[in-house]
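The structure under discussion appears below in the form of structure tokens.
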2 protein chains.
Amino acid sequence: MAKSVVVDAMGGDHGPTETVRGAVSASREHGVPVVLVGQAGVIRRELAELGAVGEIDVTHADDVVPMSERGAGAVARGGSSLAVGCDLVREGAGAAFVSAGSTGAVVVSAITRLGTAPTVLRPALAVALPSVTGGATVLVDAGATSDPTPEMMAQFALLGSSYAELVLGVSDPLVGLLSIGSEPGKGNRLTRRTEELLRGVGLSFPGRLPFRFYGNVEGHDVLAGTVDVIVADGFTGNVVLKNVEGTVRAALTMAAAAGIARAEELREVARHYDPETHGGAALLGLTGTVVVAHGSSRAGTIARACVVARDLAEGGVVARVRDHLTVDPAT
Amino acid sequence: MAKSVVVDAMGGDHGPTETVRGAVSASREHGVPVVLVGQAGVIRRELAELGAVGEIDVTHADDVVPMSERGAGAVARGGSSLAVGCDLVREGAGAAFVSAGSTGAVVVSAITRLGTAPTVLRPALAVALPSVTGGATVLVDAGATSDPTPEMMAQFALLGSSYAELVLGVSDPLVGLLSIGSEPGKGNRLTRRTEELLRGVGLSFPGRLPFRFYGNVEGHDVLAGTVDVIVADGFTGNVVLKNVEGTVRAALTMAAAAGIARAEELREVARHYDPETHGGAALLGLTGTVVVAHGSSRAGTIARACVVARDLAEGGVVARVRDHLTVDPAT
């Protein structure tokens, strides 16, 4: 039997009602084996509502990391559902961890508790942004590693292309490097060296990289569907992710203010651009897969995040780094 | 008499017809003394159309940098209107230079030909982005210096706050540092140290900095009107600038596709967000002021760019750096 996906019952704006419902849906409708982590009494009450007591395993965790906790403070709470959930994955009892908790808290806790996988230098956060062409573009790293080296960036390209294949079903993905100016040699020190690595300069790969490299892309390419995967350092990636959210909101607010359309209709468009509703943000490169569902997730989004987590866990994301881009950590 | 603003007659998508008309408008309607640089025969023909021969000085330049030239190639063309225009400013014959040529070409040419002003470590490009609150936020650096030091970033804050005061009329501007996470200490190595400098840690200023420091802002603050000035390294700033353009376009395309509004109406909203139509991008910190008007500029935009260039030149932007943040270039 496949290993379970561990679901944080306590994370998210809507609490256990939605997370438990999502986990049950993942199990019943998508055949994903799940374990719920959190305050056992609360979880059992929710399971009882759904007639699912005994159907889903429960692991108790006393403490809850509040949604307002955005980072390091979460790590100290060793008895939280976040901590206990990550530990289950580290100890091999679960294949992946899903949480709708605060992204910062989940990312910091997971990095601390799971650690990076062998051969991976640093983890990366991958999010799928919808593009105007109707498809999606994976932005990687969207905020896990803010000062990467070029070698880490090249590994992010591998992690992100795995995500594009496993979650979005893209074969032989086209990978672009986020820079300024599309010509080779444009950018900053980090992107110039990363570009060389992605072209295969100065690294001896066992065979070619398992994706096509497009070259540099720019800020206006992020939603344009130019490539399947956009590689960025975690600082720039996170700024871009939040800039997309803010700019969509601003543009639609302006359109509403100009009397062009009704605010509610425009909100639907904005929702479409909310990156984390598209399968969740995946933290890749750790000793286990972690999927961060949006804080506002309802049951359906949690269930989809469980499917994504299972697919990533079974897909051997980290093996791809090992097979193609092992780098001496000393570099 | 005030020194002239030198106008590149040959730059821009619409060529001398619009640039000459804009220069004449700047002179007649706004009292800005101007000099036109470019192919003298062509310029005189345009001036004749407007009954302005003899009213505006003309300096001949044989060569024209094409709009497709985005960078270093422009520097080699020593006889171009771009080169001759910059030289006029360097030699003191003009106070500022206005061009609607390719931003990359203007920036590289101006940096090469004018050089940075004494006490300024590196130049920065400032653009005014409209915000949902109806005001504008200055993004600085939007692409001139892609690998700045924290000291350069602190100077960008001074240059950008000058722009906010002189061009947007904001007194005592509120300055934010673009980062990830709003709490102090969040960000990457560059922003963490820059944040300290902007708080006054480790630098001995003669008096307090002439702006209020807000702290960190994030990608969603860029159009939200959170602060008057956002400081970024030129790499991140340029990615954000282009991401705003692309995201506005994408969001409105989606709204049109969803049948919510007519595409032409939405294009009006998009135009409002085109940052360079708001007075042009100003390249600050060189031995002369340079304003890059949008390539698609018509006469009115060129005229406004001339006014901005004059105001910046008279406002002593560089003096502010000298008075507040002289840094040993060896650091």
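Using a 10 Å cut-off on Cβ to Cβ distances, tally the other chain neighbours for every residue of B:214-227 and report the average as a whole number. Let's see the in-between values first.
Details: counts 0, 0, 0, 2, 7, 12, 11, 3, 6, 9, 5, 1, 1, 0.
Whole-number average of other-chain Cβ neighbours for B:214-227 is 4.
As an exercise, find the ratio Rg/Rh for the stretch B:121-274 from alpha-carbon atoms, using the Kirkwood inverse-distance average for Rh.
That ratio equals 1.02.
Label residue A:50 and residue A:296 with points 7 Å out from Cα along Cα→Cβ: what is the distance between them in nm?
Calculated label separation equals 2.2 nm.
Relative contact order for chain A: what is it in percent, counting Cα pairs under 8 Å that are at least 6 residues apart?
Value for chain A: 25 percent.
What net charge do the residues around residue B:187 carry, taking every other residue with its C-beta under 15 Å from that of residue B:187, with Lys and Arg at +1 and Asp and Glu at -1?
Taking every Cβ under 15 Å from that of residue B:187, the sum is -2.
By counting other Cβ atoms within 10 Å of each Cβ, how are B:45, A:189 ranked from fewest to most?
Lowest count first: A:189, B:45.
Label residue B:40 and residue B:212 with points 7 Å out from Cα along Cα→Cβ: what is the distance between them in nm?
5.4 nm
Let's see if you can work this out: charge +1 on each Lys and Arg Cβ, -1 on each Asp and Glu Cβ, no other charges. What is the dipole magnitude of the stretch A:121-279 about its Cα centre, in debye to the nearest 20? Display every interim value, and only then the final one.
Working: 13 positive and 18 negative charges, 47 e Å.
With only Lys, Arg, Asp and Glu charged at Cβ, the dipole is about 220 debye.
Sorted by packing (mean other beta-carbon atoms within 10 Å per residue), highest first, where do A:24-33, A:137-146, A:10-19, A:84-93 land? If you can, show how the numbers build up before the last one.
Working: A:24-33: 17.9, A:137-146: 28.3, A:10-19: 22.3, A:84-93: 19.9.
Ranking the peptides A:24-33, A:137-146, A:10-19, A:84-93 by packing returns A:137-146, A:10-19, A:84-93, A:24-33.
Roughly how crowded by other chains is peptide A:253-263, in terms of the mean Cβ count from those chains within 10 Å of each of its Cβ atoms?
Neighbouring Cβ atoms belonging to other protein chains average 6 per residue here.
Using amide H atoms built in the peptide plane, which far-off residues or other-chain residues are under 5 Å from residue A:5 H to H?
Correct list: A:34, A:35, A:95.
So how do A:260, B:43, A:302 line up by other beta-carbon neighbours within 10 Å, fewest first?
The fewest-first ordering by Cβ neighbours comes to A:260, B:43, A:302.
Shortest first and in nm to one decimal, what separations exist between residue B:295 and its copies in the other chains, measuring from label points 7 Å along the Cα-to-beta-carbon line?
From this label point to the equivalent ones elsewhere in the assembly: 4.1 nm.
I need the inter-copy label distances for residue A:66: point set 7 Å along Cα to C-beta, values in nm with one decimal, smallest first.
So the label point of residue A:66 gives 6.2 nm to the other copies.
What is the packing order of peptides A:290-298, A:175-183, taking the mean over residues of other C-beta atoms within 10 Å and listing the highest first?
A:290-298, A:175-183
In bins 10 Å wide, starting from 0, what share of all Cα pairs of chain B does each bin hold, as a percent?
P(r) for chain B, in whole percents per bin: 6, 27, 33, 23, 9, 2, 0.
Determine, from the Cβ-Cβ distance of residue A:112 and residue B:265 and an R0 of 51 Å, the FRET efficiency 1/(1 + (r/R0)^6), rounded to the nearest 0.05.
0.55
Compute the length gained on full extension between residue A:62 and residue A:182: take 0.36 nm times their separation in residues and subtract their Cα-Cα distance, giving the result in nm to one decimal. Let's see the in-between values first.
On the way: separation 120, 0.36 × 120 = 43.20 nm, distance 5.15 nm.
Value of the extension gain: 38.1 nm.
Beyond a 20 Å Cα-Cα separation, which of these cross-linked pairs lie in this structure: A:242/B:186; A:186/B:186; A:186/B:242?
The pairs that break the limit, which is 20 Å between Cα atoms, are A:186/B:186.
Indicate, rounded to the nearest 5 percent, the antiparallel portion of the DSSP beta bridges found entirely in the protein assembly as shown.
Of those bridges, close to 30 percent are antiparallel.
With an 8 Å Cα cut-off and a minimum separation of 6 or more residues, compute the relative contact order for the stretch B:94-206 in percent.
Rounded, it is 17 percent for the stretch B:94-206.
Using only alpha carbon pairs under 8 Å that are at least six residues apart, calculate the relative contact order of the stretch A:121-279 and give it in whole percent.
Relative contact order, the stretch A:121-279: 33 percent.
Add +1 for every Lys or Arg and -1 for every Asp or Glu among the other residues with Cβ under 12 Å from the Cβ of residue B:61, and state the total.
Once all neighbours under 12 Å are counted, the net charge is -3.
In whole Hz and in residue order, list the ³J(HN,Hα) couplings for the stretch A:60-73 that follow from phi through the Karplus curve 6.51 cos²θ - 1.76 cosθ + 1.60, θ = phi - 60°; x for Gly and Pro.
Per residue, the Karplus-derived 3J(HN,Hα) values read 6, 9, 6, 9, 10, 7, x, 4, 6, 7, 9, x, 4, x Hz.
Summing +1 for each Lys or Arg and -1 for each Asp or Glu, what net charge is found among the other residues whose Cβ lies under 14 Å from the Cβ of residue A:86?
Result for the neighbourhood of residue A:86: -1.
Which FRET efficiency, nearest 0.05, do residue A:201 and residue A:132 yield, Cβ-Cβ r, R0 30 Å?
The calculated FRET efficiency here is 0.35.
Quantify how strongly other chains surround peptide B:182-194 by giving the mean number of their Cβ atoms within 10 Å of each of its Cβ atoms.
Per-residue shielding by partner chains comes out at 3.
Using modelled backbone amide H atoms (1.01 Å from N, in-plane), which distant-in-sequence or interchain residues come within less than 5 Å of residue B:217's amide H?
Amide H to amide H, under 5 Å and 5 or more residues apart or across chains, residue B:217 pairs with B:177, B:178, B:179.
Once Lys and Arg get +1 and Asp and Glu get -1 on their Cβ, which of A:319, A:19, B:85 lies farthest toward the positive end of the dipole of the protein assembly as shown?
Working it through, the farthest residue towards the positive pole turns out to be A:319.
When DSSP beta bridges are limited to those with both residues in chain A, what percentage is antiparallel, rounded to the nearest 5?
Close to 30 percent.
Give the long-range amide H neighbours of residue B:286: residues separated by 5 or more places, or on another chain, with amide H under 5 Å away, using H modelled in the peptide plane at 1.01 Å from N.
B:117
Considering every pair of different Cα atoms, what Kirkwood radius, in Å, is found for the protein assembly as shown?
For the protein assembly as shown, the Kirkwood estimate is 26.2 Å.
When each copy gets a label point 7 Å from Cα toward the beta-carbon at residue A:271, what are the spacings between them in nm, shortest first?
Computed spacing set for this position: 3.3 nm.
Rounding to the nearest 10 and keeping the result within 0 to 90°, find how far the Cα-based axis of helix A:263-272 lies from the longest principal axis of chain A.
80 degrees
Computed from the coordinates by the stated procedures, all read-outs in this text should not be read as laboratory data. Keep in mind the model is a prediction, meaning the values are calculated, not measured. Neighbour counts are summed over all protein chains in view; Cβ atoms, including those assigned to glycine, are modelled from backbone coordinates with ideal geometry.
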